[in-house]
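These notes concern the structure reproduced below.
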Amino acid sequence: MKVLLENVSKTFTDEASPLAALGATSLHIASGEFVCLIGPSGCGKSTLLRLLADQIAPTTGNIQLDNHPPAAARARKEIAWMAQNPALLPWQTVWDNVALPLRVNRQHHRPAPPPGELLAMVGLSDFTQARPPKLSGGMQQRVALARALATGAPLWLMDEPFAALDELTRETLTDEVLRLWMQFHPTVVWVTHNIAEAVRLADRVVVMTERPGHIRGIVAIALPRPRDATAPESVAYIRELRRLLRGEDEAGRNRK
Amino acid sequence: MTLDISGLFKMATPGSQRAALRRDGLSVLLIVGTALVLWEIIVRVRNVPVYLIPAPSVIAVTLWQQAGYYLSQSLVTLGEAAGGLVLGLTVGILVAVLVTFWRQMERGVLALAILIKTTPLAAIAPLLVIWFGFGPLPKVIVTGLMTFFPVLINVHSGLHAVDGATLALFHSLNASRQELFRYAQWPTALPYLFDALKVVAPLSLVGAVVAEWAGASAGLGRVMWLAYANFTMPALFAAIFCSAVMGIGLYWAVIVLEKQVIFWK
């Protein structure tokens, strides 16, 4: 799914003083591309993702997902949403949780592998009848991942999905996401504040800064996958991204 | 009128459950037993006349000698309480669901509910007897009025307690209001419903007794009323005892049912 943002901005006016969360931002994402949004807290990266997910409406500008507004894409179940909180239903089994996208909004069915197959893909074949509260945090996110796949959506919006997990689990899971991305070819917009993670995952890393949020730079990661975050090529990208995030020029002087 | 024995049933692991139950049963026996023995001693030592406070032994004898009578009167009250409880539950749940789907009605309906809630039911009960006679109907209505409010408030809160992450998920799937209700809101509200039930199940007996007080052909309320009219306090306390035992039983039944229904907690 092709993603297009043109001069999109968001100002929250419901509070006492208006809060400019995102300044005028333009971004084009090709179909099947893996894009990471990176930046400090309050840089508007989550706001941008929520705009794409049709959770909030832009103050100005235009968003197009395959030439349709986000609301139309959401109505057709074309958006898979995944966040830090796996949002599993504790009263349903793992299998039923994964089957949820098949049970709601039935008139817009999209082809996707059945829940049992998806659970096998994320390594949870032995836990289909378990209840989510009994699973570890990492396993819960695997269930959420399988559920996202069950939508068959061509756009995955992921808001720091593994930020609450320990380093090792997090690496294993990001590798699985990469594998599934290569298998299903969705467009992925992935929000993170972990630089190494962004370099491991993305085709392009969009660096954002705060108040109001805007894009400071976009770095294309031209490395073959799987990537090793400790390899010299990766470290060079990590350095470049850190420099961008700190607002320094190439000589290391502060631009502010 | 009823004992709060919630602490009895909070044990989590099945292994320690039996030992914990035995320990709790022992503590209840010890404390209630001590209270009864003290009561007996004070009444006997101070020679309190039976028409002021009868000794527990006198009450026990009364219950024993007229067991059939007290059982049948208890069942009348229990039936009325159960009827009122079903009425209160049905109305409370229906109204909570209704205002969840039609938000415009929320304020008005809740205001009306508070209005009904603040009406002193002891004053309304005789009026209902004038309207509907000495049969069970006025008792069912009074109990219903007494129990619907906690159910309404709790279920209403529960239906709105779905967390933001789950709402975002259902939003992303473009789930309908009905789907959100069925898969997220209703299961979320169930623990809230049971919290209300723990309060209103024993309360339903109070409702039935208060209503019987206003005029009844049978039931524990009538037994109490007759006890006052004839100055037979053992009968009064025997009726109170029956009501208390049923109250504990109802509370316990709610706890057992809750464990079955809310299996994920």
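The values are calculated or read from the model by the stated rules, or taken from the named source; none is laboratory data. Worth saying up front: this structure is predicted, and the values here are computed from it rather than measured. Cβ coordinates were reconstructed from backbone atoms using ideal geometry, including for glycine residues, and neighbour counts include every protein chain displayed.
Miscellaneous remarks
- When A:T13 is tested against (1) over 22 Å from A:L180 (Cβ atoms); (2) β-branched (V, I, T); (3) surrounded by 14 or more Cβ atoms within 10 Å (Cβ to Cβ), just one condition goes unmet, and that condition is (3).
- Condition met for B:L203 (within 14 Å of B:L89 (Cβ to Cβ), crowded, with 20+ Cβ neighbours inside 10 Å and under 12 Å from the mean Cα position of the chain (by Cα)): yes
- Unique match (being within 14 Å of another protein chain (Cβ to nearest Cβ) and either farther than 27 Å from B:M246 by Cβ or touching a Pro at 6+ places or on another chain (Cβ under 9 Å) (or both)) among B:L180, B:L193: B:L180
- Within region A:92-120, the residues that satisfy the criterion of being within 9 Å of another protein chain (Cβ to nearest Cβ), crowded, with 19+ Cβ neighbours inside 10 Å and touching a residue at least 12 places away in the same chain (Cβ under 8 Å) are A:L100, A:P101, A:N105.
- Pair list, Cβ < 9 Å and 6+ apart or interchain, from region A:72-88 residues that are at positive phi to residues that are of a type in the set (S, T, N, Q) and in a loop (DSSP other than H, G, I, E, B): A:K77/A:N105; A:K77/A:T151; A:K77/B:N174
- In region A:27-43, the residues that are more than 21 Å from A:F12 (Cα to Cα) form Cβ pairs under 8 Å with partners that are crowded, with 22+ Cβ neighbours inside 10 Å and of a type in the set (F, W, Y), at six or more places apart or across chains, as follows: A:F34/A:W190; A:V35/A:W190; A:C36/A:W190.
- Under the condition of being in contact (Cβ under 8 Å) with a residue 60 or more places away in the chain and closer than 12 Å to B:L145 by Cβ, the residues counted in region B:101-127 number 3.
- Members of region A:128-158 found to be more than 19 Å from A:P101 (Cα to Cα) and either among the charged types (D, E, K, R) or touching a helix residue (DSSP H, G or I) at 6+ places or on another chain (Cβ under 6 Å) (or both), listed by number: A:K134, A:G138
- Just one of the listed residues (A:T128, A:T174, A:T192, A:T169) is in contact with a Phe, Trp or Tyr (Cβ under 6 Å, 6 or more places away or on another chain) and among the hydroxyl-bearing types (S, T, Y), and it is A:T128.
- Among the residues listed as A:T187, A:T128, the single one being touching a strand residue (DSSP E or B) at 6+ places or on another chain (Cβ under 8 Å) and at negative phi: A:T187
- Residue within region A:156-166 that is touching a Pro at 6+ places or on another chain (Cβ under 6 Å), buried (at least 23 other Cβ atoms within 10 Å of the Cβ), under 17 Å from A:A80 (Cα atoms) and modelled with pLDDT of 95 or more present: yes
- Checked against (1) among the hydrophobic types (A, V, I, L, M, F, W, C); (2) within 17 Å of B:G221 (Cα to Cα); (3) assigned to a helix (DSSP H, G or I), B:F134 passes all but condition (3).
- Tally of residues being among the aliphatic types (A, V, I, L, M), within 11 Å of chain B (Cβ to nearest Cβ), assigned to a loop (DSSP other than H, G, I, E, B) and out of contact with any Lys or Arg (no Cβ under 8 Å at 6 or more places or on another chain) across region A:41-87: 1
- Any hit, region A:127-139, residues being away from every other protein chain (no Cβ under 12 Å) and touching a Pro at 6+ places or on another chain (Cβ under 6 Å): no
- Options B:G133, B:G164: the member that is free of Cβ contacts under 8 Å to residues at least 12 places away in the same chain, surrounded by fewer than 14 Cβ atoms within 10 Å (Cβ to Cβ) and either of a type in the set (K, R) or within 14 Å of chain A (Cβ to nearest Cβ) (or both): B:G164
- Residues in region A:148-159 that are part of a loop (DSSP other than H, G, I, E, B) and within 12 Å of another protein chain (Cβ to nearest Cβ): A:T151, A:G152, A:A153.
- The listed residues are A:L201, A:L145, and the only one of them that is within 14 Å of chain B (Cβ to nearest Cβ) and surrounded by 24 or more Cβ atoms within 10 Å (Cβ to Cβ) turns out to be A:L145.
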